[in-house]
1. Scan region 240-263 for residues that are modelled with pLDDT of 95 or more and either surrounded by fewer than 18 Cβ atoms within 10 Å (Cβ to Cβ) or at positive phi (or both) and jot them down.
2. Kindly establish whether Asp405 is acidic (Asp, Glu), in the same structural domain as Pro298 (by TED's automatic domain parsing) and within 16 Å of the ligand (Cβ to nearest atom).
3. Say we look at region 367-383 and pick out the residues that are near the ligand (Cβ under 8 Å from one of its atoms) and either assigned to a helix (DSSP H, G or I) or in contact with a helix residue (DSSP H, G or I) (Cβ under 9 Å, 6 or more places away or on another chain) (or both); which of these is nearest to Glu343 (Cα to Cα)?
4. From the list Ala477, Ala501, Ala506, Ala438, which one is among the small types (Gly, Ala, Ser), open to solvent by 20 Å² or more (accessible area, probe 1.4 Å) and more than 26 Å from Leu265 (Cα to Cα)?
5. Determine which member of the set Leu675, Leu635 is over 23 Å from Ile576 (Cα atoms), more than 34 Å from the chain's Cα centre (by Cα) and modelled with pLDDT of 95 or more.
6. Would you confirm, using the coordinates I've provided, whether Glu614 is at pLDDT below 95, touching a His at 6+ places or on another chain (Cβ under 8 Å), more than 29 Å from Tyr594 (Cβ to Cβ) and not in a helix (DSSP H, G or I)?
7. Out of region 486-511, which residues are in contact with an Asp or Glu (Cβ under 9 Å, 6 or more places away or on another chain) and without any contact (Cβ under 8 Å) to a residue 12 or more places away in the chain?
Amino acid sequence: MARRDRRASLAYHAGFVGSSSKRRGKSRPLLVISNRLPVTLQRGSSGLERRRSTGGLVSALEPVLAKQGGTWVGWPGMKLREGETLSKPDDPYQMRTVELTDNEVNRYYHGFSNRTLWPLFHCMAERARFDRRDWETYEEVNARFAQAAAEASQTNGLTWVHDYHLTRTPLHLRRLRPETRIGYFLHIPFPPYDLFRLLPWDRDILRGLLAADLIGFHVHTYARNFLDCVELLLGARVDRASGLVEHGDRTVQVGVFPLGIDFALYDSQARRAPPEPHMRSEKIVLGVDRLDYTKGIPERIRAFERLLELHPEHREKVILLQIAVPSRFQVAEYQELKREIDEIVGRVNGRFATATWSPIQYLYRSVSPERLAAFYRDADVALVTPLRDGMNLVAKEYVASQVDDPGVLVLSRMAGAAFTMREALLVNPLNLDGTAEALHTALTMEEPARRDRMVALRARERRYDIDAWLQGFLEAARDKHAKLEPATDSDFQAWLGRFLAGHHLALFLDYDGTLTPLRRHPNEANLSSGMRKAITACARRSDTGVAIVSGRALTDVTKITGLKDLIYVGNHGLEIEGPELEPFQHPDLEHYQYRLPDLTHALESMCVPGAWVEGKRGSLTFHYREADRTQHESLAREARAHIQDAGFQARDAHCAVEARPPVGWDKGHAVLHVLRTAYGPSWSETVRTIYVGDDETDEDAFRVLSGLGITFRVGSADAPTRASHQLPNVARVQALLEWIAKREE
Ligand code: ADQ
């Protein structure tokens, strides 16, 4: 089949990203980031020796990099000595190493990756360990991967981040390289919302991933789980039909790309492999796995034991050949699992063995590709029964190796592979009787029935092979057209309709960046006529009170807004006034007012062109937005030092540093003050509260209102926020206010 047709079919197969997979992208440099580099190292007599690692990811991506150039960033798996390098001059692509200390290997790799995310994402929450130090190290290491990628990054290529070890890397990379195209693929399941939210860093992980432009999963269920979490935990807008997420001011595409294997390779290896001496005259049921508790090896052996109990006619006629490759042996649970399997194998063999037959053969080792090909080809049944598995390549490799008398695949319905490999006998791995019966059916199936199933399985895997997966992902990642339609009245109705019904609304609006876009100079930030109309229409309703909350001085924000009958909160809450409201001024304001002139003088003396001081009552802001970008960091640092020396609190804002009296009073306190004085001590019973803001200082209001009101953060969603919802820009704030103004009474 022509390559083009094949991809069109994959698009249907892939669902969400279907319509976008239409053109073959030009060959651009590719930057791959994965936990491990594609080589395995050994220190031999002639120094560092490298071997290409095995595994689907490496065999898929390595040839692409070798052909079109690029870079692979990863951990080499061992400590390099001084002067040792991995790359050789004639390498077709670069390898950049991220080196890890022992502590980092322990906490980032064995810890957060494999003891927290791995079990939790496989829905085995009781095995997950939550340790703040593991998380912190994970975060540092993820940032280091991003740094290495940024240093290596080509100008216009795609950066493709892989797997659960690196969920925060897209965000760190986005900060370093805002314009880079980033793709991310998760190789393991994404858990349902109910489990995912057990993770204390749930929102951080989501934000880390959403910094990518395209996020790929093996199957729809994982993508749907992810979208649920994004919607429920970040309050982002989600379009399930097209897999789009509105993440602040960016749209992120979520896609389904079921991983395939190098079908032609497994097929040809199976045709060439010499017979395997281990294969005897009995029928063979084959299990091949990394030794991992997700793979369901003990349950599989018990199911085989059930077969021998329920169908004694198979005794002495069938063996289970279980091959397990050692994995993560440093983790205690994996050692425990190995002991458990040794014991079950011993027990079942002890129970059923005869003088000439032992029911289970167990090989605890990695086997060469040639031997594996022979095992796959000659096994009568592959018993692939993970308790949960992102995809499972063993099932696919078995099918590709069925070049002779066709065998039967018995496959766990908990593997991602089960979503497409329908012709397998699907089983629940925890239902031992059911698995034993499926095994009996497989062992007794007539040749024509086996062939019917295997022909269909092989056709699909041949068609949706590793190359189709790769092209599908790369094309979708390069498609820049995905954009979610802006939020409409029906979104606002869904978010706020029930919340507001029959209640008075107290509406708090930050000014700069929320009601007007940020301007070069605060004096230029005037309300548009549309926004002015929308605010006025809200305030005109008898069931709605509007307050403008700003870091500007009270007189300044009142003047620039220019609307009557609103409550105004200035100076980050230190000054408040409004109709029927006793004017408020924080008692310490006067004291700090006397201390301002010296600080103003100090800051003015460091002003370069493009920097200036905005004086307020009792506080001030040092702006540097218009100064040369290279000076920003040093200006901010120096300003912070002056502010602290003068006894004020320094807080970073958008290209500015604010000097605030250290009086423990912020926008959050001011909002509560307004609510209590305007509506009485029982305000939370009668009044609904909405707060809309765009910056760090609004987080204080989001915090006090969490659980009490609905809060919106405007603009980029990459920074952590406590807001319950997000809005991309000022235009959507206006749309929200227009809906509030016309909502049903
Ligand atoms: P894994 O959990 O490693 O991968 P799997 O997809 O089954 O699981 O791949 C295992 C690979 O190891 C196969 O290629 C297999 O041939 C090989 N292998 C297993 N035992 C072996 C042995 N004894 N000797 C030699 N080779 C052996 C993760 C996810 C999966 C997902 C893949 C790819 O957990 O769900 O399918 O990534 O995305």
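1. If the condition is that a residue be modelled with pLDDT of 95 or more and either surrounded by fewer than 18 Cβ atoms within 10 Å (Cβ to Cβ) or at positive phi (or both), then Gly243 is the only one that fits.
2. Working: acidic (Asp, Glu): yes; in the same structural domain as Pro298 (by TED's automatic domain parsing): yes; within 16 Å of the ligand (Cβ to nearest atom): no.
For Asp405, the condition - acidic (Asp, Glu), in the same structural domain as Pro298 (by TED's automatic domain parsing) and within 16 Å of the ligand (Cβ to nearest atom) - is not met.
3. Of region 367-383, the ones near the ligand (Cβ under 8 Å from one of its atoms) are 367-369, 372.
With the extra rule that they be either assigned to a helix (DSSP H, G or I) or in contact with a helix residue (DSSP H, G or I) (Cβ under 9 Å, 6 or more places away or on another chain) (or both), the set shrinks to 367, 369, 372.
Details: Val367: 22, Pro369: 28, Leu372: 25 Å.
Ranking the qualifying residues of region 367-383, first place goes to Val367.
4. Result of the check over Ala477, Ala501, Ala506, Ala438: Ala501.
5. Selected residue: Leu635, the only one of Leu675, Leu635 that is over 23 Å from Ile576 (Cα atoms), more than 34 Å from the chain's Cα centre (by Cα) and modelled with pLDDT of 95 or more.
6. Numbers: at pLDDT below 95: yes; touching a His at 6+ places or on another chain (Cβ under 8 Å): yes; more than 29 Å from Tyr594 (Cβ to Cβ): no; not in a helix (DSSP H, G or I): yes.
So Glu614 fails the test.
7. Residue satisfying the conditions is Gly502 alone.
For every residue, the table says whether it meets (1) open to solvent by 10 Å² or more (accessible area, probe 1.4 Å); (2) part of a helix (DSSP H, G or I); (3) over 20 Å from Pro429 (Cβ atoms); (4) away from the ligand (no atom under 16 Å from the Cβ).
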{"site": "Glu276", "(1), (2), (3), (4)": "yes, no, yes, no"}
{"site": "Ser281", "(1), (2), (3), (4)": "yes, no, yes, yes"}
{"site": "Gly287", "(1), (2), (3), (4)": "no, no, no, no"}
{"site": "Phe304", "(1), (2), (3), (4)": "no, yes, no, yes"}
{"site": "Leu307", "(1), (2), (3), (4)": "no, yes, no, yes"}
{"site": "Glu313", "(1), (2), (3), (4)": "yes, yes, yes, yes"}
{"site": "Glu316", "(1), (2), (3), (4)": "yes, no, yes, yes"}
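The values are calculated or read from the model by the stated rules, or taken from the named source; none is laboratory data. Just so you know, these numbers come straight off a predicted model, no measurement behind them. Every residue, glycine among them, receives a Cβ derived from its backbone with ideal geometry; neighbour counts consider all protein chains shown. Keep in mind that these areas ignore ligands, DNA and RNA; they rest on the heavy atoms of the full protein, side chains included. Shrake-Rupley method; radii C 1.70, N 1.55, O 1.52, S 1.80 Å.
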